[in-house]
Amino acid sequence: MQKPEISVIISTYNSEEWLEKVMWSYEAQTFKNFEMVIADDGSKQPTFDLIEKMKSQVNYSIIHVWHEDNGFQKSQILNKAILACNADYILMSDGDCMAREDYVEVHINERQEGYFLSGGYFMLPLHISKLITKDDILSQRCFNVKWLKSHGLQSSFKNNKLTAKGLKSQFLNTVTPTNASWNGHNASGWKKDITAINGFDERMQYGGQDRELGERLFNYGLKSKQIRYSAVCLHLDHPRGYKTQESIDKNLAIRATTKKENRKWTEYGIKKN
């Protein structure tokens, strides 16, 4: 087995319907030398069964990292997944984000020492999320704006995320007012940089734990590069039962401390005292 050039971490929790679509989207990638590390926050047997089935149907290698269900503990499972990555470069996304065929290639081509890459997502409505098939993914028609509009997608400036290529996507990456933050659904960086700041702060549950990791990477001396109009993924819609105001408030307080004290390292990350 050759060493993968990039490890793709996909987070999931009891969402087999979406995860299967996402896994098929990686089968269609133009860049092939990657592994998938599934960061599973305590899913039940159907997710195990799906992953075993997909191992025999896709051409990339799959590592399944799982822990017992203890509520929303994405930061904990992501840290375990980081340690399981065999590549020097890590791309992080979610089990509800289907990657366009050039997604991994864009991250590979844009990677740079001293930087992390920041992408976005294109949100699909629930009815379109449901109707997309394996064939729609492998043929890439589900990434085509005309096809999406034929199934009820509304016209919007955001549709430029799907149509912009070349100089237009570079221009939109430059002028977008959105911060180039670490976004858990579409961001990549060097494993050595992520481990140098001790990964994710495991006190943090839903709401901004990805941003806080990026803020410590900035404090560590890294810069970020905006690729939201180049690295395209489609976000499949679903309810968020794990979203609580208490969790969001707690995380905002941790982020405020990180900023105020210029923290690079978390005591609550991969390595514990």
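Bear in mind that the values in this text are calculations on the coordinates, not laboratory data. The structure displayed is predicted, hence computed values, not measured ones. Note: ideal-geometry Cβ built from the backbone for every residue, glycine included; neighbour counts use all protein chains shown.
Need the full-extension length gain, Lys130 to Thr174, defined as separation in residues times 0.36 nm minus the C-alpha distance. One decimal, nm.
So the extension gain works out to 12.5 nm.
Along the Cα-to-C-beta direction of Leu138, a point sits 7 Å from the Cα; which residues of the range 55-72 have their amide N less than 15 Å from that point?
Zone members listed by number: 55-60.
Looking at the chain, I'd like the Rg to Rh ratio, where Rg is from alpha-carbon atoms and Rh is Kirkwood's inverse mean 1/r.
Here the Rg-to-Rh quotient is 0.94.
Residues with amide H under 5 Å of Tyr89's amide H, sequence separation 5 or more or different chain, H placed in the peptide plane at 1.01 Å from N; which?
Correct list: Ser7, Lys191.
Can you give me the long-range amide H partners of Phe116? Hydrogens built in the peptide plane at 1.01 Å from N, cutoff under 5 Å, separation of 5 or more residues or another chain.
Amide H neighbours of Phe116: Lys223, Ser224, Lys225.
Compute the distance in nm between two label points, each set 7 Å from the Cα along the Cα-to-Cβ direction, one at Ser56 and one at Asp88.
The modelled label-to-label distance comes out at 3.7 nm.
I need two numbers for the range 154-273: Rg to one decimal and Dmax as a whole number, Cα atoms only, in Å.
16.3, 52
Return the long-range amide H neighbours of Asn183 (sequence gap of 5 or more, or a different chain), with a cut-off of under 5 Å between placed amide H atoms.
Gly119
Sorted by average packing, counted as other Cβ atoms within 10 angstrom per residue and highest first, what order do 245-255, 220-230 take?
Ranked from most to least packed, the peptides come out as 220-230, 245-255.
For the chain, give the share of DSSP beta bridges that are antiparallel, in percent and rounded to the nearest 5; count only bridges with both residues there.
Antiparallel bridges: around 30 percent, rounded to the nearest 5.
Over the range 76-171, consider all pairs of different Cα atoms and compute the Kirkwood hydrodynamic radius from their mean reciprocal separation; express it in Å, one decimal.
15.7 Å
Name the trypsin sites (Lys or Arg not before Pro) in the range 30-68 that are in a loop by DSSP and that have at most 15 other C-beta atoms within 10 Å, would you?
Lys32, Lys44
May I ask you to list the lysines whose Cα is less than 23 Å away from that of Lys191, ignoring any residue fewer than eight positions away on the same chain?
Straight-line reach from Lys191, under 23 Å: Lys3, Lys32, Lys74, Lys80, Lys223, Lys225, Lys259, Lys264, Lys271, Lys272.
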